[in-house]
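The numbers here are math on the coordinates, done by the rules we state, and not lab data. The structure displayed is predicted, hence computed values, not measured ones. When we count neighbours, we look across all protein chains shown, and the Cβ atoms used for this are built from the backbone with ideal geometry, even at glycine.
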Amino acid sequence: MDIRTLPDAEREIYNRIKKKYKLTFDNLKAGDKQIRLLKIADLEQFLGGKDPFANVSEFPFWTRLWDSAMVLAYVLGNQQNPGGKRLLELRAGLGAPGLAAAAAGFDVTLSDYEDIIMDFQKVSAAASGLTNITFTHLDWLNPGEIEPFDILAGAEILFRDEFFQPLLNIFRTCLKSGGEIYLAHDARRQSLPKFLELAQDDFDIGVKKQTLRNNDKNVTIIVNRLRRKKQ
């Protein structure tokens with residue numbers, strides 16, 4: 001895309017990042033709208049020679065557009081009557097699901113934990129012509145007071161067992177009465193059934209599966225919809 005068309009603030013962010021890293025835009029379809037997703041073009045350059053598998057906990061997972069994020073983007077981008085509803089994407093990373101939801105008409109908040117991640121999100125939102133998005137740091141261990149949302153969503157966010165209870169606390173406090181939670185994960189993620197076993201005490205859980213073809217392999221993505229149980 002022509003970077004000169006970005007608003008001043010986002011163009012400044014883009015140029016600042018570009019001084020350090022090679023960048024590219026992915027084009028994603030969201031309903032009848034086009035999402036432009038800013039990404040790192042050369043991950044090896046971003047890693048600076050570090051072995052990404054030496055310590056998996058330090059791998060910058062946010063730099064990848066995961067299959068589950070693309071599936072969740074499709075799910076949220078095709079929700080009916082989203083006007084006026086508020087949606088929070090947790091650990092949004094590149095933010096594809098939240099951007100698709102914003103394109104569909106949700107008022108979206110993208111949350112993560114590092115400024116650089118939100119810099120990418122801000123440029124993507126501006127490049128996609130989306131103005132109904134806000135950006136916030138969200139520490140699951142100390143979330144503070146948050147006005148409840150109609151929809152909570154996350155793709156590949158169940159990666160550490162010690163965060164299960166803090167995440168459930170987020171679900172309990174940040175979801176409006178009658179609201180829904182959408183989670184998307186690779187079916188091979190072993191932490192998913194562990195988390196859902198904990199969540200079923202408070203939530204009714206639905207499940208759908210979507211199989212994608214990626215690099216000549218079938219990848220199965222599980223999408224869970226959680227609704228608070230009636231007391």
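Look at the alpha carbon pairs under 8 Å that are at least 6 residues apart: their mean separation over the length of segment 3-228 gives a relative contact order of 17 percent.
In this rough spin-label picture, where each label sits 7 Å from Cα along the Cβ direction, the Lys176-Gln34 distance is 3.3 nm. The relative contact order of segment 134-189, computed from alpha carbon pairs under 8 Å that lie at least 6 residues apart in sequence, is 47 percent.
Computed over neighbours whose Cβ is under 13 Å from that of Lys217, the net charge equals -1, Lys and Arg +1, Asp and Glu -1. Length gained on full extension, Asp202 to Thr24: 59.9 nm, using 0.36 nm per residue less the C-alpha separation.
If you take every residue apart from Phe163 with its C-beta less than 13 Å away from the C-beta of Phe163, what net charge results, scoring Lys and Arg +1 and Asp and Glu -1?
-1
Ignoring lysines fewer than eight residues from Lys230 along the same chain, the ones with Cα atoms less than 30 angstrom from its Cα are Lys85, Lys176, Lys194, Lys208, Lys209. State the antiparallel share, in %, of DSSP beta bridges confined to segment 3-228, rounding to the nearest 5. That works out to approximately 60 percent antiparallel.
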